[in-house]
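Have a look at the structure below, then the notes.
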Amino acid sequence: MAKYNLKINGKVRPVEVDPATPVLWVLRDHLNLVGTKYGCGIAQCGACTVHLNGNAVRSCQLPVSAVGSQAITTIEGLSEKGDHPVQKAWLEHDVAQCGYCQAGQIMSAVSLLKSMAAANRSDPSDEDIQAFMSGNICRCGTYTRVRAAIKDAAQ
Ligand code: FES
């Protein structure tokens, strides 16, 4: 066991866990931040996506010992009232079906738009979205609505 002071959603959260524990389980089992979901556990589905210093990462394959002073943002920390532009676009387009993968989809979409903004672009193409979001799997097949919501949120 080791002690960590993790920066999560703007707060310092102390935890004592095995250094190899994936961040996903620290969030869910130790800090009750259960918006981040377990899907595959092998970095293939994207359900567990969170931000590490603003970049989308798979928390199921990120050992807590690798985080250090980097800031973690989960779906709970994306906005105060669920009103981030991407969350608003998600609601407007009624994207979610069963909803299980959606936190991961939204965290990846926010990361995509951040990278577009860094390149002075606000017009993600279908190809841009496909390339960036292909690691986020949705068994309900909400991809068409995901694309539409991302394009709206980019405006
Ligand atoms: Fe992490 Fe599937 S649970 S990518």
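What follows is calculated from the coordinates using simple rules that are stated; it is not laboratory data. These figures come from a predicted structure and were not determined experimentally. Because the Cβ atoms are built from the backbone with ideal geometry, glycine has one as well, and the counts that use them run over all protein chains shown.
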Total formal charge among the other residues, if their Cβ is under 14 angstrom from that of Ser134, Lys/Arg +1 and Asp/Glu -1: -1
Likely footprinting exposure, Leu6, Leu31, fewest C-beta neighbours within 10 Å first: Leu31, Leu6
Calculated SAXS-style log₁₀ I(q)/I(0) at q = 0.11, 0.13, 0.17 Å⁻¹ - the chain, Debye, Cα scatterers: -0.41, -0.56, -0.94
Virtual spin-label span in nm between Asp126 and Ala43, 7 Å along Cα→Cβ: 3.0
Extension gain from Ser115 to Glu92, taking 0.36 nm per residue of separation minus the Cα-Cα distance: 6.0 nm
Modelled FRET efficiency - R0 25 Å, Lys81 with Val12, Cβ distances, 0.05 increments: 0.65
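Once the other residues with Cβ under 13 Å from the Cβ of Glu76 are scored (Lys, Arg +1; Asp, Glu -1), what is the net sum? Walk me through the numbers before you get to the answer.
On the way: positive: Lys11, Arg13, Arg28, Lys37, Lys81; negative: Glu80.
Spelling it out: positives minus negatives among the neighbours equals +4.
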Rounded D (µm²/s) - region 2-76, Kirkwood Rh over Cα pairs, Stokes-Einstein at 37 °C, 0.692 mPa s: 275
Which of Cys140, Gln155, Pro19, positive extreme of dipole for the chain (C-beta unit charges): Pro19
Rounded, prolate or oblate (a/c below 1.5 giving rounded, otherwise prolate when a/b exceeds b/c) for region 64-155 by Cα gyration tensor: rounded
Label point distance in nm, Cys140-Gln61, each placed 7 Å from Cα along Cα→Cβ: 2.6
